[in-house]
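Each remark here refers to the structure printed beneath this line.
The values are calculated or read from the model by the stated rules, or taken from the named source; none is laboratory data. All figures in this text were calculated on a predicted structure; none of them were measured in a lab. Reconstructed Cβ throughout: ideal geometry from the backbone, glycine too, with neighbour counts over all protein chains shown. Keep in mind that these areas ignore ligands, DNA and RNA; they rest on the heavy atoms of the full protein, side chains included. Shrake-Rupley method; radii C 1.70, N 1.55, O 1.52, S 1.80 Å.
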Amino acid sequence: MTTSPTGFDPLAIINQPLTIGPLVLPHRLVMGSMHLGLEGHRQFLDRLGTFYGERIRGGAALITLGGVAVTQEGGGQDMLGFYDSDHVAMLAELVERIHRCHGLVGVQLFHAGRYAKEAETGLKPLAPSSVYCSMTRNTPQSMTVEDIERTLDAFVHAARQAYDAGFDAIEIMGSEGYLLNEFLAPFTNRRDDAFGGDEIRRQRFPLAVAQGIVDAVGDKIAVIYRISGEDFIEDGTPSTATIRFAKALQDSGVHALNVGVGWHESSVPTVAAIVPQGAFQAVYWALRHAVTIPIMGANRLNTREIIHHVLNNGSVDVISAARPWLADPQFGNKVRGLVPHRLNVCVACNQACLDHVLAKNPKPVSCLVNPRCSHENRPIHKVSRVKRIAVVGSGPAGLEVSRRARELGHEVVLFEQHDEIGGQLALAAKIPGKQDFHYTLDYYQAELDRLGVLIRTSTTPDEATLLNFDVVVQATGSQPQWPSFAPITDERVVSFIDILKGKRPLSRHVVIVGSGGVGIDVAIFTAHHHHGPITLLSRSGILGRSLGPSTRWIWIRELRALGVHVVGPFQSLAVTDKGIRYEEPLGKFHDVDADQIILCAGSIPNPWPYSLPSHILTLSIGAANNPATIDAKHSFRQGYWAAQLLGQVKEGP
Ligand code: SF4
């Protein structure tokens, strides 16, 4: 095997071209379709174009834009639609931008079906049958035959518009529980006419869409069908029917299948960190061996090792992940071995991407480990006056400000009082289901070394040392708050930090005080490390209130599965001889046996013992600035924006 010094192997499967209908992919890594929350607004077009251009330069063989609705009722907020001529013009401009970067670009033809929201489209959602949707909390309208024929025409018309706009590929969205998927699943298709009643009739409309598009443009551009490999819902499409459907799609002339897994309503996690890497290989494998057209896959394929593994073992022909391109725009070049630098791995947290899209008030996606994501249109200019910058503390905020400030050309020294970098990020990596944060720590260590940030571990700088710098960044993080009910001298009361660091062993009867993200993490950690009873005390009675919609349900389900007993709400607590006593809001007292009480009830900033002269610019970021509301996402983000500010620092006296 011939490999270059960067690890590039020209004979590796990942580097082999692949023909998809009339399209030749130069290699096997494409960026899958993902809604960015910037679509549908002309003022964001440049931002979108810059975002995609950077991913083309980062090695995407093909980029498929986030779903574009084929009808108004099938769309949604901040979404492009083929029914809007201005949107079609914007799509053509995006195609031109990407082609100018010498990239290939596809578009996903989308209809949300019963996942559409009337409040966003102004129209009643349409679906095969009127089946209540727990996600939108609405019941859609059952489609008439005229609705079906109109929607079929809209798909085909959109395909022609996509070809005219210059796209290189079309992906038909037929998975994740959207309209076409709803026709296949007995759960959502209760019809008894030409479009429902048995497997053949349930497949009729999705196959008609595929056939119509192939007939219209299939000889000119690649037609990819995004198929649901597993619905993971009760009364979903049987696996055997999925295999037959895949074969029928192939017979219709579709050029490739991109395999989705799970519906938005599924109770099986499919995209969260708790899902093992490569978990759905068997799903891809079954389809890969049922058809001869190429198979694409995406879920939890986030590292170089797992990607090479699933390509080499023949589960998939193409990797079509999306989020890993948010975490690292150079994803393609790094995974293929063209760039020797370490990959910034997507840790599947969803906190800055899916949770932004799914929020009540949606906002553009970004990335927790790459806060520059979707702000690429702010160019990085090397500073003309180099500053000496001391960063005190190497948690998320300190790591990110160090990296970015150094990229701008400043001299940066990073002080860390402990013997390894990472702060509370290193603790988060110990939580089962969050272990991917180890990749983040490895990435920052490698990146800071590469860039030339001087890292001083096991060092707390004295004031005289800091006087040698132009800028001092306080990124010293926070420490657990010690509530007044907990005697500081009581050996049974411990902070979560001491538990996660292993400074204090776990006892048998454990009570955890606090049900925010930290409390849940610690409960899961505890349940994985001992076999005694665990009680989680929640003041509000609401678990993980600050957690995002894409993962909160998973963590709560995990707590239940692990047998953690949740108690709350309460209004006061007292430590007793036997454990802890809590008072319900109506004044009733209860006792819980405990020989260990772990505090996860808020944080306060770590002390900042320095008093620096005013000519030294001091910035406070991350949890050191506001521990009450700051989490890892905000800390990384503040690190990034602080560095942007340092790009504009004027010369001091
Ligand atoms: Fe991945 Fe989290 Fe970044 Fe989303 S926010 S791309 S899940 S690391």
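Just a few scattered comments:
- Between 0 and 90°, nearest 10: helix 517-529 axis offset from the chain longest Cα axis: 90
- Qualifying GluC sites (Glu not before Pro) in the range 141-241, DSSP loop, other Cβ atoms within 10 Å at most 16: 234
- Protein-only accessible surface at a 1.4 angstrom probe places the residues 135, 31 in the order 135, 31, largest first.
- Equivalent ellipsoid semi-axes - Cα gyration tensor, the chain, angstrom: 45, 32, 22
- Student exercise, the chain dipole from Lys, Arg, Asp, Glu Cβ charges, in Debye to nearest 20: 940
- Close amide H pairs (under 5 Å, H built 1.01 Å from N) link residue 322 with 32, residues at least 5 positions away or on another chain.
- Computed log₁₀ I(q)/I(0) - Debye formula, equal Cα scatterers, no solvent, the range 308-426, q 0.10, 0.20, 0.22 Å⁻¹: -0.42, -1.25, -1.31
- Relative contact order for the chain, counting Cα pairs under 8 Å that sit 6 or more residues apart, in percent: 11
- Debye-formula intensities of the range 303-355, expressed as log10 I(q)/I(0) at q = 0.19, 0.20, 0.28, 0.29 Å⁻¹, are -0.68, -0.74, -1.15, -1.18 (one equal scatterer per alpha-carbon, no solvent).
- Helix axis angle, 85-100 relative to the chain longest principal axis, alpha carbon, degrees: 70
- Mean sequence separation of contacting Cα pairs (under 8 Å, at least six apart), scaled by the length of the range 88-199, corresponds to a relative contact order of 33 percent.
- Accessible surface area normalised per residue over the range 502-645 is 48 Å², counting heavy atoms of protein chains with a 1.4 Å rolling probe.
- Per-residue packing, averaged as other Cβ atoms within 10 Å, sorts the ranges 537-545, 340-348, 418-426 into the order 340-348, 418-426, 537-545, beginning with the highest.
- Helical contribution to [θ] at 222 nm, DSSP H n ≥ 4, -39,500 (n - 2.57), averaged over the chain, rounded to 500: -9500 deg cm²/dmol
- Of all lysines in the structure, the ones whose alpha carbon falls short of 30 Å from that of residue 588, not counting any fewer than 8 places away in one chain, are 578.
- Relative counts (whole %) of C-alpha pair distances in the range 1-114, using bins that are 10 Å wide: 13, 40, 29, 13, 5, 0
- Computed over neighbours whose Cβ is under 10 Å from that of residue 578, the net charge equals -3, Lys and Arg +1, Asp and Glu -1.
- Cβ screening of the chain for cysteine pairs under 4.7 Å finds these without a partner: 101, 133, 346, 349, 353, 600.
- Carbon plus sulfur fraction of accessible area for the chain, probe 1.4 Å, in percent: 51
- On Cα atoms only, tilt of 632-646 relative to the major axis of the chain in degrees: 80
- Applying the Karplus relation 6.51 cos²θ - 1.76 cosθ + 1.60 with θ = phi - 60° to the range 406-417 yields 3J(HN,Hα) values of 5, 4, 6, x, 6, 8, 10, 10, 10, 9, 9, 6 Hz, where x marks Gly and Pro.
- Reduced Cα scattering model of the range 87-130, Debye log10 I(q)/I(0), q = 0.16 Å⁻¹: -0.62
- 5 angstrom amide H check on residue 258, placed H, neighbours 5+ away: 225, 226, 227, 296
- Mean projected area of the Cα convex hull of the range 54-93, taken over all directions, amounts to 3.4 nm².
- Selection among 457, 293, 92 by position relative to the dipole of the chain gives 457 as farthest towards the positive end (Cβ unit charges, Cα centre).
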